[in-house]
Amino acid sequence: MRAVVVGGGFGGLASAAVLARMGFQVTVVEKNFALGGRARAFSEKGFTFDMGPSWYLMPEVFDRFFQAIGFRREDFYGLRKLDPSFEVVTDSARIKVKPDAGANRATLDSLEEGGYSKFMRYLRECSEIYRKTMSSLLYRPYSGMRSMLSPSVLRAALGMRLFSSMQEMNSSYFSSREMLYLTGFSSVFLGGDPSSIPAVYSMVNASIFGDGVFYPEGGFASVVGALAKAGQRLGVKFVTGEEIVGIRASGSRVTAVEGDHETYWGDLFVFNADYHHVEQDLLEPGLRSYSDAYWASRDVSPSALIAYIGLSGKLGLNHHTIVIKGDWEEHFQSIRKRSSGIPEDFAFYASARSKSDPSVAPQGCENLFLLIPVSVNFQESDTNRERTVQRALERLEEITGEGIRQRIVYMKTYCRRDFEKDYNAFLGSAFGLSQTLGQTAGLRPAMRSRKLRNMFYAGQYTHPGIGVPMTLISAQVLGSLISGSSYWPSEARLEDRNLAETS
Ligand SMILES: Cc1cc2nc3c(=O)[nH]c(=O)nc-3n(C[C@H](O)[C@H](O)[C@H](O)COP(=O)(O)OP(=O)(O)OC[C@H]3O[C@@H](n4cnc5c(N)ncnc54)[C@H](O)[C@@H]3O)c2cc1C
């Protein structure tokens with residue numbers, strides 16, 4: 001049986017490995033010349049930049065995935081726990097978070113009376129949600145609302161503040177702005193903000209604060225490389241620099257996808273490319289699962305203005321820093337309202353990855369990555385991009401007390417239109433559909449086409465959603481759907497040979 005996977009992002013690479021493991025002959029067709037999708041890397045002037053993800057969270061999901069396809073993660077790349085995990089800088093505080101929760105006692109107590117003990121209670125609830133979602137909710141296939149009402153799902157969801165937002169959950173523990181910032185910023189990783197993302201996703205905080213934040217040696221590029229290598233060992237063929245421009249169907253089956261160079265025939269097709277693009281640009285209207293009205297009514301995650309910067313000299317920043325200026329609600333509102341501008345005070349993320357990995361910058365230099373969430377209507381003229389990045393740099397200069405702008409030896413910005421051009425991204429969004437309650441589990445776009453029986457989807461648009469760990473899980477859920485099992489792989493196939501050692 002031949003399977004064709006369209007898109008070589010994390011969701012596509014992981015799906016290809018799963019299908020190959022199931023015995024399919026798999027070809028991955030990727031539009032760009034590099035694999036990895038939003039997690040590609042590039043090098044310029046001695047600096048190496050991971051273009052997208054930088055927070056390696058939920059490490060057990062990666063380990064589980066490699067094990068499921070017959071390998072061991074540690075045979076491909078090592079992990080380093082960062083210390084400090086990250087820093088949050090507000091107008092009035094610099095909050096350095098250590099991986100050992102006990103080491104944060106004095107810091108948390110200084111932010112709010114009883115801060116540490118409230119935080120430990122909060123973390124217990126997040127960990128309980130994490131445990132339940134991992135064991136009963138994330139790895140199972142869903143098909144619509146009905147599948148979410150099964151007794152086992154309802155039982156697992158019991159007591160999980162299903163209808164509360166992260167903001168509501170966090171403010172039931174904390175009252176200070178700083179504690180709310182500290183426990184709320186992870187909502188942005190899920191394509192929203194604390195008031196739009198459901199409390200159940202505070203499971204991410206169990207990973208951030210409970211497990212710690214990891215750095216995969218070599219960065220996310222080495223995670224992409226590991227999946228590609230594992231795929232190759234399982235027999236997956238990769239075609240890069242080939243954009244799929246059409247889908248051929250006969251009756252209720254896809255027969256082939258047409259690339260701009262070749263046609264790829266198969267028995268089963270998995271689309272990892274942005275769901276909206278596949279449906280709206282590649283499929284005939286009568287073969288689409290969703291209408292124009294459906295897409296128009298979706299909550300789309302923000303886009304991002306990113307700056308990849310090479311600096312001469314070192315910088316007094318940690319690996320991960322979240323910078324919040326003023327009240328972040330104004331910034332979030334501009335995103336929710338899809339404004340073309342961004343408020344004077346905005347929140348952003350800065351990563352000085354060369355702090356943990358000197359190989360990503362020339363000796364004595366710093367590799368700096370800035371990510372500023374912006375709305376999908378952000379007016380991104382070159383001057384506006386430049387002006388916004390300059391404001392973030394000014395803020396970093398205030399924080400570090402160092403001159404930064406005059407030390408820039410390389411800078412490239414990336415925004416909405418780049419997401420559209422490079423990935424066919426819906427409205428130029430960075431993360432696809434937000435992880436709101438109405439776009440969770442069975443309410444995310446379905447993994448199986450409603451019209452074409454051998455057409456599937458995987459990646460961040462599908463269940464469970466945004467983030468590298470989630471896209472790996474989506475590939476395992478795809479495995480369950482195709483094999484008709486409730487979990488993939490079945491235990492019987494898990495205990496076998498380690499292919500990592502055979503090639
Ligand atoms: C700036 C940024 C920062 C992030 N930070 C983190 C983080 O710190 N930690 C984390 O876990 N997650 C993070 N994420 C989220 C995470 O990177 C994504 O959820 C994940 O990489 C998405 O993978 P995917 O396979 O679903 O999609 P993609 O990576 O978009 O892959 C889809 C692939 O399909 C290809 N494609 C599109 N159209 C076609 C076509 N017609 N023909 C052939 N190929 C096509 C695209 O080129 C792309 O390679 C971040 C994302 C961004 C953008």
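The values are calculated or read from the model by the stated rules, or taken from the named source; none is laboratory data. This is a predicted model, so every value here is computed, not measured. Reconstructed Cβ throughout: ideal geometry from the backbone, glycine too, with neighbour counts over all protein chains shown.
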Any pair with Cβ under 8 angstrom, 6 or more apart, that starts in the range 240-259 at a residue that is within 17 Å of LYS421 (Cα to Cα) and ends at one that is loosely packed, with under 15 Cβ neighbours inside 10 Å: THR240/PHE33; GLY241/PHE33; GLU242/ASP260; GLU242/HIS261; GLU242/GLU262; GLU243/ASP260; VAL245/ASP260; GLY259/VAL245
Give the residues of the range 336-361 that are surrounded by 16 or more Cβ atoms within 10 Å (Cβ to Cβ) and closer than 30 Å to TYR77 by Cα, sorted by residue number. PHE348, TYR349, ALA350, SER351, ALA352, ARG353, SER354, LYS355, SER356, ASP357, VAL360, ALA361
Applying the selection to the range 191-215, what residues are in a loop (DSSP other than H, G, I, E, B) and of a type in the set (Val, Ile, Thr)? ILE197, VAL213
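Going by the structure shown, is PHE24 within 13 Å of the ligand (Cβ to nearest atom) and aromatic (Phe, Trp, Tyr)? Break it down into steps so the answer makes sense when it comes.
Working: within 13 Å of the ligand (Cβ to nearest atom): no; aromatic (Phe, Trp, Tyr): yes.
So PHE24 fails the test.
Considering only the range 34-51, how many residues are within 10 Å of the ligand (Cβ to nearest atom) and out of contact with any Leu (no Cβ under 9 Å at 6 or more places or on another chain)? Talk me through it step by step, then tell me what you get.
Looking only at the range 34-51, we keep the residues that are within 10 Å of the ligand (Cβ to nearest atom), and these are 34-40, 50-51.
Subset that is out of contact with any Leu (no Cβ under 9 Å at 6 or more places or on another chain): 34, 38-40, 50-51.
Residues in the range 34-51 being within 10 Å of the ligand (Cβ to nearest atom) and out of contact with any Leu (no Cβ under 9 Å at 6 or more places or on another chain): 6 in total.
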Which residue pairs have Cβ atoms closer than 7 Å, lie 6 or more positions apart in sequence or on different chains, and pair a first residue in the range 365-387 that is closer than 16 Å to LEU317 by Cβ with a second residue that is among the charged types (D, E, K, R) and not in a loop (DSSP other than H, G, I, E, B)? ASN367/ARG353; PHE369/ARG353
Which ones in the range 185-213 are in contact (Cβ under 8 Å) with a residue 60 or more places away in the chain, among the polar types (S, T, N, Q) and closer than 24 Å to SER375 by Cα? SER195, SER196, SER202
For GLU125, indicate whether it is loosely packed, with under 14 Cβ neighbours inside 10 Å and within 22 Å of SER171 (Cβ to Cβ). no
Cβ-Cβ below 6 Å, separation at least six or inter-chain, first residue in the range 409-432 and under 21 Å from VAL389 (Cα atoms), second of a type in the set (A, V, I, L, M, F, W, C) and within 9 Å of the ligand (Cβ to nearest atom): which pairs? TYR414/ILE306; PHE419/ALA425; GLY428/PHE419; ALA430/ALA304; PHE431/ILE466
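Among ALA101, ALA68, ALA17, ALA93, which is of a type in the set (A, V, I, L, M, F, W, C) and within 15 Å of the ligand (Cβ to nearest atom)?
Working: ALA101 fails: within 15 Å of the ligand (Cβ to nearest atom); ALA68 fails: within 15 Å of the ligand (Cβ to nearest atom); ALA93 fails: within 15 Å of the ligand (Cβ to nearest atom).
Only one candidate passes the filter, namely ALA17.
Here's the yes/no breakdown for (1) part of a strand (DSSP E or B); (2) within 11 Å of the ligand (Cβ to nearest atom):
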| site | (1), (2) |
| --- | --- |
| GLU242 | no, yes |
| VAL245 | yes, yes |
| ALA249 | yes, no |
| VAL254 | yes, no |
| GLU258 | yes, yes |
| HIS261 | no, no |
| TYR264 | yes, yes |
| PHE269 | yes, no |
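Across the range 463-487, which residue is farthest from the ligand (Cβ to nearest atom) among those that are closer than 12 Å to TYR139 by Cα and β-branched (Val, Ile, Thr)?
First pass over the range 463-487, keeping only residues closer than 12 Å to TYR139 by Cα: 463-465, 469-481, 485-487.
From what is left, the residues that are β-branched (Val, Ile, Thr) are 471, 473, 477.
Details: THR471: 5, ILE473: 11, VAL477: 13 Å.
The residue in question is VAL477.
Select from the range 59-89 the residues that are within 30 Å of ARG395 (Cβ to Cβ) and either touching a helix residue (DSSP H, G or I) at 6+ places or on another chain (Cβ under 6 Å) or at pLDDT below 95 (or both) and write down the one among them that is surrounded by the fewest Cβ atoms within 10 Å (Cβ to Cβ). Talk me through it step by step, then tell me what you get.
Within the range 59-89, the first condition is being within 30 Å of ARG395 (Cβ to Cβ), and the residues that meet it are 80-89.
Cutting the leftovers down to either touching a helix residue (DSSP H, G or I) at 6+ places or on another chain (Cβ under 6 Å) or at pLDDT below 95 (or both) gives us 88-89.
Working: VAL88: 19, VAL89: 23.
Looking at residues that are within 30 Å of ARG395 (Cβ to Cβ) and either touching a helix residue (DSSP H, G or I) at 6+ places or on another chain (Cβ under 6 Å) or at pLDDT below 95 (or both), I get VAL88.
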So, in the range 418-447, of the ones that are in a loop (DSSP other than H, G, I, E, B) and more than 10 Å from the ligand (Cβ to nearest atom), which residue ends up modelled with the lowest pLDDT? THR440
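If we keep just the residues of the range 151-199 that are small (Gly, Ala, Ser) and within 19 Å of PRO445 (Cα to Cα), which is surrounded by the fewest Cβ atoms within 10 Å (Cβ to Cβ)?
Residues of the range 151-199 that are small (Gly, Ala, Ser), as a first pass: 152, 156-157, 159, 164-165, 171-172, 175-176, 184, 186-187, 191-192, 195-196, 199.
Filter once more, so that each one left must be within 19 Å of PRO445 (Cα to Cα): 191-192, 196.
Values: GLY191: 27, GLY192: 27, SER196: 21.
Checking each candidate, the answer is SER196.
Considering only the range 139-190, state which residues are assigned to a loop (DSSP other than H, G, I, E, B) and of a type in the set (Phe, Trp, Tyr).
Just the residues of the range 139-190 that are assigned to a loop (DSSP other than H, G, I, E, B), to begin with: 139-144, 150, 158-164, 172-176.
Those that are assigned to a loop (DSSP other than H, G, I, E, B) and of a type in the set (Phe, Trp, Tyr): TYR139, TYR142, PHE163, TYR173, PHE174.
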Counted residues, the range 284-300 - those being assigned to a loop (DSSP other than H, G, I, E, B), without any contact (Cβ under 8 Å) to a residue 40 or more places away in the chain and under 24 Å from LYS421 (Cβ atoms): 0
May I ask you to verify whether VAL28 is buried (at least 22 other Cβ atoms within 10 Å of the Cβ), in contact with a Ser or Thr (Cβ under 8 Å, 6 or more places away or on another chain) and at pLDDT 95 or above? no
